[in-house]
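This report refers to the structure that appears directly beneath it.
The values are calculated or read from the model by the stated rules, or taken from the named source; none is laboratory data. Fair warning: this is a prediction, and the values are worked out from it, not measured in the lab. Cβ placement follows ideal geometry from the backbone for every residue including glycine, while neighbour counts extend to all protein chains displayed. Only protein heavy atoms, including side chains, enter the accessible area calculation; ligands, DNA and RNA are left aside. Shrake-Rupley method; radii C 1.70, N 1.55, O 1.52, S 1.80 Å.
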Amino acid sequence: MGWTERQQAMLAEIGIRLWQAPEPQPASPAVVEAPVPAPAPQVVATPPPTARDRAVHVESMDWPALREAVVACRACKLCEGRRQTVFGVGNTSAHWMIVGEAPGEQEDRQGEPFVGKSGQLLDNMLRAIGLTRAEADAAQQVYIANTLKCRPPGNRNPEPEELAQCEPFLIRQIELIRPRIILAMGRFAVQSLLRSHEPIGRLRSRVHRYHGVPLIVTYHPAYLLRNLEDKAKAWDDLCLALQTLRSASAAS
Ligand code: URA
């Protein structure tokens, strides 16, 4: 199969090198002719792959291909400062999917989302409603992923270009998992999944939809660590998610 230059550039961007057939060597000529000078090779400028090109490529990937594409990704400048990518963790058939923001220092070291202080709070919150990231069946073991797979330097906020480049990976994770409920934690998860810039306080307490999947908005655990008085609201959000999932299961 032939690859267009645009496709080749896109594959190179996500770290896949194509095998090039060697030039066929002519059989020894009986008559040796004077060499004709080859025309100067034409240099064709190939535009770099766009976020849309990458999205089209990612949307057909299975889990191993997706994982490899994330590991090899150099689509934005965050690849330069990362120790490693942080793909996601949990049951790939989980009923619950948790979407956070981006890896911090500990996540960048350990390669797993939410392992620092906010991760401890998240684990406690999940445990309170009978969920876990540890090995369990699909109803109990959640899947946790972030909008960004690489740590922004100094834990700064993700930039729009970084979110756009990384978004196809999260979209594909959700498509492969097909969760029954999504918990979007913090404003960047909400911006990615709901395309909304409204404050969390205005979006929580109701059921949104992401491609038909019920989605509950709640505060990011890092925010809750700084604003203890809002923990009760986060608890209400978890209860709303639980109740939404139970009603959906009872109706089906
Ligand atoms: N905050 C997040 O949103 N994700 C992590 O993985 C860690 C901290």
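Hey, which lysines would be in cross-link range of Lys149, C-alpha to C-alpha under 24 Å, not counting anything within fewer than 8 residues on its own chain?
Within the straight-line cut-off, Lys149 pairs with Lys77, Lys117.
Compute the angle between helix 63-72 and the longest alpha-carbon principal axis of the chain, please, reported from 0 to 90 degrees and rounded to the nearest 10.
The two axes meet at around 70 degrees.
Excluding Tyr143 itself, what net charge comes from residues whose Cβ is under 15 Å from its Cβ, given Lys and Arg +1 and Asp and Glu -1?
That sum, taken over residues with Cβ under 15 Å, equals +1.
Between Ala128 and Val56, take the C-beta separation as r, use R0 = 41 Å, and let me know the FRET efficiency to the nearest 0.05.
0.50
Which value in deg cm²/dmol, rounded to the nearest 500, describes the helix-derived mean residue ellipticity at 222 nm for the chain, given -39,500 (n - 2.57) per DSSP H run of n ≥ 4 and division by the residue count?
-12000 deg cm²/dmol
With a cut-off of at most 15 other beta carbons within 10 Å, and DSSP calling the residue loop, which GluC sites (Glu not before Pro) in the stretch 73-168 qualify? Please list them.
Passing both the DSSP loop test and the Cβ count: Glu135.
Kindly express, to the nearest 10 degrees and within the range 0 to 90, the angle between helix 231-251's C-alpha long axis and the longest C-alpha principal axis of the chain.
It works out to around 80 degrees.
Quick check: residue separation of Lys77 and Glu161 times 0.36 nm, minus the Cα distance between them. What number comes out in nm?
29.3 nm
Step through the residues of the stretch 212-229 one at a time and calculate ³J(HN,Hα) from phi using the Karplus curve (6.51 cos²θ - 1.76 cosθ + 1.60, θ = phi - 60°), rounding each to whole Hz and writing x for Gly and Pro.
Once θ is set to phi - 60°, the couplings for the stretch 212-229 become x, 8, x, 10, 10, 8, 8, 6, 6, x, 5, 5, 5, 5, 8, 10, 4, 5 Hz.
Give me the angle, in degrees from 0 to 90, between the Cα long axis of helix 160-177 and the longest principal axis of the Cα atoms of the chain, rounded to the nearest 10.
The answer is roughly 80 degrees.
Under 5 Å between amide H atoms, partner at least 5 residues away or on a different chain: which partners does Val115 have, H built in plane at 1.01 Å?
Glu107
Measure off 7 Å from each Cα along the Cα-to-Cβ vector at Cys239 and Ala40, then give the distance between these two points in nanometres to one decimal.
Roughly 7.6 nm, to one decimal.
Where nothing but the Cβ of Lys and Arg (+1) and of Asp and Glu (-1) is charged, how large is the charge dipole of the stretch 51-251 around its Cα centre, in debye to the nearest 20? Display every interim value, and only then the final one.
Details: 27 positive and 23 negative charges, 60 e Å.
With Lys and Arg at +1 and Asp and Glu at -1, about 280 debye.
Using a 7 Å offset from Cα along Cα-Cβ at Gln84, what residues in the stretch 104-120 end up with backbone N under 11 Å from the label point?
Backbone N within reach: 107-113.
Counting heavy atoms of the protein chains only and a 1.4 Å probe, report the per residue accessible area for the chain as a whole number of Å².
That works out to 56 Å² for each residue.
Sort Trp235, Trp63, Trp96 from largest to smallest accessible area, using a 1.4 Å probe on the heavy atoms of the protein chains.
I get Trp235, Trp63, Trp96, largest accessible area first.
So, with a 1.4 angstrom probe, what is the percent of accessible area on the chain that is carbon and sulfur? Please report the intermediate quantities before stating the final value.
On the way: 7580 of 14230 Å².
Accessible surface attributable to carbon and sulfur in the chain totals 53 percent.
Would you please give the FRET efficiency between Arg246 and Lys117, computed as 1/(1 + (r/R0)^6) with r the Cβ-Cβ distance and R0 = 30 Å, to the nearest 0.05? Let's see the in-between values first.
Numbers: r = 31 Å, r/R0 = 1.02.
Taking R0 as 30 Å, the efficiency between Arg246 and Lys117 is 0.45.
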